[in-house]
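A short write-up of the structure that comes next.
Just so it is clear, none of the values below were taken in a lab; they were calculated from the coordinates. None of the values given here were measured: they were computed from a predicted structure. Positions of Cβ are generated from backbone atoms using ideal geometry, with glycine treated the same way; all protein chains shown enter the neighbour counts.
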């Protein structure tokens, strides 16, 4: 009797495990640049409500996500923070379509410190000892921040103050935790529901940095290309575009 109960219990466990594993594998896996995490969360929630399709967001810097895709990571869609990285995926033969711009981002300077003047001039003041930006080697918003500093002749002058985040997400953590006094981030970050109206920020003139056109591709190793294509189509729908606008992204028809 005990043996029978043990066998039935073990069988139930494995059926439950396999069922959960199957459910996990059915999720649409979306590799998402860190600047897009808040907007994509809102888009995915709306999409799942409409279609019943569960999605999993894998957040990281565009450079790291590209390396993972090249290494065989089982992602279905890749939303980058520029065109360079999805083009690299496409040119490597790992995308089902050529990259397409889904939005363009904006760079801002942001601080949680009430006594800090949020402007470029203040960065050179002795009161500010650390400034966050995403790593320009892997994060497009880090490239934009470096271009702004270079424009004002401050990149070398402020080198001892610069603190590099692995991605824009880690950069945001530095800023919101006050590990740094001020930092460069995306407009979408300061407009996200969790931190909206917190701290002070200023948008940087777009002519100071290379336009941040963000591209998307369908990944070749997608488990369900049809399901991935349907989400891709939704990303360009009027409903998804409205969400992107709410997070400060520029859209092009």
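Things worth noting here:
- Ranked packing of 130-137, 102-109, most packed first, by mean Cβ within 10 Å: 102-109, 130-137
- Annotation for segment 134-152 versus segment 29-59: alpha-carbon center distance of 26 Å.
- Each DSSP beta bridge with both residues in the chain is either parallel or antiparallel, and the antiparallel ones are about 55%.
- Each 5 Å bin from zero holds the following percent of Cα-Cα pairs in segment 107-208: 2, 14, 28, 29, 19, 6, 1.
- For the chain, the equivalent ellipsoid derived from the Cα gyration tensor has semi-axes of 38, 22, 17 Å, listed largest first.
- Between the Cα long axis of helix 225-235 and the first principal axis of the chain there is an angle of about 40°, rounded to the nearest 10.
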